[in-house]
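Take a look at the structure set out below.
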Amino acid sequence: MTGKVLYPEKCNRGRCDCQPYALIESNTDPTEPSFFCVGNNGGKLSPTVSTDTYTVCFKGRFRDEMSFFDERDLIHQQYVIAAALVHINLDKGESA
């Protein structure tokens, strides 16, 4: 059996120069769309660092950000967030 990787259907910013890889949307308030996405911009969007071919977007009620990373940056970001979540979880257990 062969599988097919499914990508999000669209960029939530409506861009055609970034292929979304992963996306989480929150539709709790239709007047304030919120999403978090990572996609591949093929190096077209980051004029500063040519290896920053991945776009990380966050849009919420109070913040709208688009940042550019290379693969190592994404791995480091994932590692730091995962480690922080371990400590957050441990802290909850200690305060119970």
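The values are calculated or read from the model by the stated rules, or taken from the named source; none is laboratory data. Just so you know, these numbers come straight off a predicted model, no measurement behind them. Methodologically, a virtual Cβ is constructed for each residue, glycine included, from the backbone with ideal geometry; neighbour enumeration extends over all protein chains shown. Heavy atoms of the whole protein, side chains included, go into the accessibility calculation; ligands, DNA and RNA do not. Shrake-Rupley method; radii C 1.70, N 1.55, O 1.52, S 1.80 Å.
Only one of Val38, Val49 is in a loop (DSSP other than H, G, I, E, B) and either in contact (Cβ under 8 Å) with a residue 12 or more places away in the chain or farther than 30 Å from Lys4 by Cα (or both). Can you tell me which?
Just one listed residue meets the conditions, Val49.
Mind checking whether some residue in region 24-32 is part of a loop (DSSP other than H, G, I, E, B), exposed (fewer than 12 other Cβ atoms within 10 Å of the Cβ), more than 17 Å from the chain's Cα centre (by Cα) and charged (D, E, K, R)?
yes
For a quick check of your reading of the model, give me the residue pairs whose first member lies in region 5-16 and is modelled with pLDDT of 90 or more, whose second is aromatic (Phe, Trp, Tyr), with beta-carbon atoms closer than 6 Å and at least 6 apart or on different chains.
Asn12/Phe35
Can you find a residue in region 79-95 that is in a helix (DSSP H, G or I), open to solvent by 90 Å² or more (accessible area, probe 1.4 Å) and at pLDDT below 90?
Within region 79-95, one or more residues are in a helix (DSSP H, G or I), open to solvent by 90 Å² or more (accessible area, probe 1.4 Å) and at pLDDT below 90.
Please enumerate the residues belonging to region 66-78 that are part of a helix (DSSP H, G or I) and surrounded by 10 or more Cβ atoms within 10 Å (Cβ to Cβ).
Those that are part of a helix (DSSP H, G or I) and surrounded by 10 or more Cβ atoms within 10 Å (Cβ to Cβ): Glu71, Asp73, Leu74, Ile75, His76, Gln77, Gln78.
Taking region 29-48, which residues are farther than 15 Å from Asn12 by Cβ and among the small types (Gly, Ala, Ser)?
Scanning region 29-48 gives Gly42, Gly43, Ser46.
Across region 45-65, which residue is farthest from Ser34 (Cα to Cα) among those that are surrounded by fewer than 16 Cβ atoms within 10 Å (Cβ to Cβ) and under 11 Å from the mean Cα position of the chain (by Cα)?
So the residue we want is Glu65.
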